[in-house]
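Worksheet for the structure shown next.
No lab work stands behind these numbers, since they all come straight from the coordinates. Keep in mind that this is a model prediction, so the values were computed, not measured. Backbone-built Cβ (ideal geometry, glycine too); neighbour counts: all protein chains shown.
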Ligand SMILES: NC(=O)c1ccc[n+]([C@@H]2O[C@H](COP(=O)([O-])OP(=O)(O)OC[C@H]3O[C@@H](n4cnc5c(N)ncnc54)[C@H](O)[C@@H]3O)[C@@H](O)[C@H]2O)c1
């Protein structure tokens, strides 16, 4: 079994786990896995309508998790909520790059300031907690070389990248200075069931999946750009492996995908195939406002986390998109 080599699943049985952003895409998939492992799971989420949080994401496990609708910007709440947990998966975030340009202060408040106050809450009320922070490949900016390893310069192209970078480094700092065990995973495009498909705020794959299921053409911008993709179950296993031991404390490591990097037009073809060959798209130039913050080709060198934790992504894009399309064929209406 994959998990037996990565972490001892028994270690999570009875563990007290807090997930910020727990009603969102990755957080809810993580919650489902933790509930199966026997953990006591508390989810914090603001359910802001423009983010990926959705109560339907915990359908079927709602009686096995504790849900706290609150905002990580609320320092008093966090001081209280952080207590008594063994693990903190810190996933709450504003994820839209365009929104971060149009409303930079909200992005700053959530992705940087609130991260600092979460860490201050840990320092004051729960210094023994183990934290895994969801960082992003966006902090590298436009790659100078690919695959991008962790030595690559950090030079974000948008406000979101700068604030996520600060959020990540606060975690590393609190690990190094205060001994609050923390690490960060720099996620690449992560996709799968329970991602936001209403629009492209979270990932362009969301609106693509919605479009093929609604029988509408979708737009592929540029088409040649190379990207890598992590299926959400692989991401969840990496989060759990990172939290279970102390091998990567104080580090921020890349996650990549199971396939070779693909051009976006090829990704579109894989998606249409995943929908039984039904679907169409048009290749268009990048809209000017997006082009200004675009990062060009990106794919990760994730050798460091593979070596440290034995993690590797298992689910190919073809298999992952099939599972994703199958999920939304059944549940699309709940996500619109
Ligand atoms: N999905 C990806 O491809 C990807 C890539 C890189 C990094 N990440 C990071 O992973 C994390 C999870 O992302 P996701 O894809 O699951 O997105 P998501 O939007 O589904 O999840 C984020 C959750 O955080 C919640 N949230 C936002 N602001 C909050 C606040 N102030 N207080 C409480 N809750 C708040 C949202 O309601 C949402 O449920 C984010 O931090 C994101 O930056 C995701």
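For this structure, a couple of remarks:
- P(r) histogram, all alpha-carbon pairs of the range 1-99 included - 5 Å bins from 0, percent: 3, 13, 24, 23, 18, 11, 6, 2, 0
- Relative contact order (%) - criterion: Cα under 8 Å, at least six apart; region: the chain: 18
- Ranked 165, 101, criterion: other C-beta atoms within 10 Å, fewest first: 101, 165
- Taken along the Cα-to-beta-carbon direction at a fixed 7 Å, the label points for residue 219 and residue 73 span 2.9 nm.
- Volume per residue of the convex hull around the Cα atoms, evaluated for the chain, comes out as 119 Å³.
- Label point distance in nm, residue 176-residue 102, each placed 7 Å from Cα along Cα→Cβ: 3.7
- Annotation: the residues 191, 299, sorted from fewest to most other C-beta atoms within 10 Å of their own C-beta, follow the order 299, 191.
- Modelled this way, with points 7 Å down the Cα-to-C-beta line, the labels at residue 336 and residue 292 are 3.3 nm from one another.
- Whole-Å distance, taken between Cα centres, linking the range 45-109 and the range 267-284: 33
- Across the range 142-220, the relative contact order, built from alpha-carbon pairs under 8 Å that are at least six residues apart, equals 12 percent.
- Packing, taken as the mean count of other beta carbons within 10 Å per residue, orders the peptides 24-32, 49-57, 278-286 from highest to lowest as 24-32, 49-57, 278-286.
- With neighbour counts taken as other beta-carbon atoms within 10 Å, the residues 178, 298 rank, fewest first, as 178, 298.
- Förster radius 22 Å - calculated FRET efficiency between residue 145 and residue 269, Cβ distance, rounded to 0.05: 0.25
- When both bridge partners sit in the chain, DSSP labels roughly 5% of those beta bridges antiparallel.
- Length-normalised contact order for the range 205-336 - Cα pairs under 8 Å, 6+ apart - percent: 41
- By average C-beta atoms within 10 angstrom, highest first, the peptides 62-70, 255-263: 255-263, 62-70
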